[in-house]
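The next block holds one structure in the form of structure tokens; read it before the comments.
The values are calculated or read from the model by the stated rules, or taken from the named source; none is laboratory data. Just so we're clear, the structure is a prediction, and the values are computed from it rather than from any experiment. Quick reminder, even Gly has a Cβ in these numbers, built from the backbone with ideal geometry, and neighbours come from all protein chains shown. Each accessible area value is taken on the protein alone, full model and side chains, heavy atoms only, with ligands, DNA and RNA left out. Shrake-Rupley method; radii C 1.70, N 1.55, O 1.52, S 1.80 Å.
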Amino acid sequence: ARQNALSQNQRWHGEDGSDGGPGYKRFTTFYFTNFPEHIQQFHLRKAFEVCGIMENVFVAPKHNVNGHRYGFVRYSKVRDVTKLMYAVNNVSFGNYRIYAKVARFDRAYGKGEEAEGGGGCCG
């Protein structure tokens, strides 16, 4: 009965326990900011790899409303999103400590649809 009650989005994102066992989410994306202007994507990837099974890092060519660079990091097979968020927030580069939160929108969703449980990407 539980299987039938899940939405298509929940199945796609692994919330039905598929793709890694019960309690796993297939993908979780974090918005992050507060990193040095000069840092290369290679160094961001290396820093974020230690937090979990990292799939992708994207740094936007634009700046956020506060004038800072920002990006997105995507992890797969996440069991505890909160624990992973704390791990990502502990990444630092010199005097810069990454500020991360769960991305509000996800590319897997249609345009304008908000991801379930999103924490806000730019607000």
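Structure values in brief
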| read-out | value |
| --- | --- |
| Packing-based ranking, highest mean first, of 40-49, 74-83 given that Cβ atoms within 10 Å are counted | 74-83, 40-49 |
| Chain lengthening between LYS46 and ARG97 when straightened (0.36 nm per residue, less Cα-Cα) | 16.9 nm |
| Whole-Hz couplings from phi, Karplus 6.51/-1.76/1.60, listed for the stretch 92-98; x for Gly and Pro | 9, 10, x, 8, 9, 10, 4 |
| Average accessible surface area per residue within the stretch 25-102, 1.4 Å rolling probe, Å² | 58 |
| Percent carbon-and-sulfur accessible area, the stretch 25-102, ignoring ligands, DNA and RNA, probe 1.4 Å | 52 |
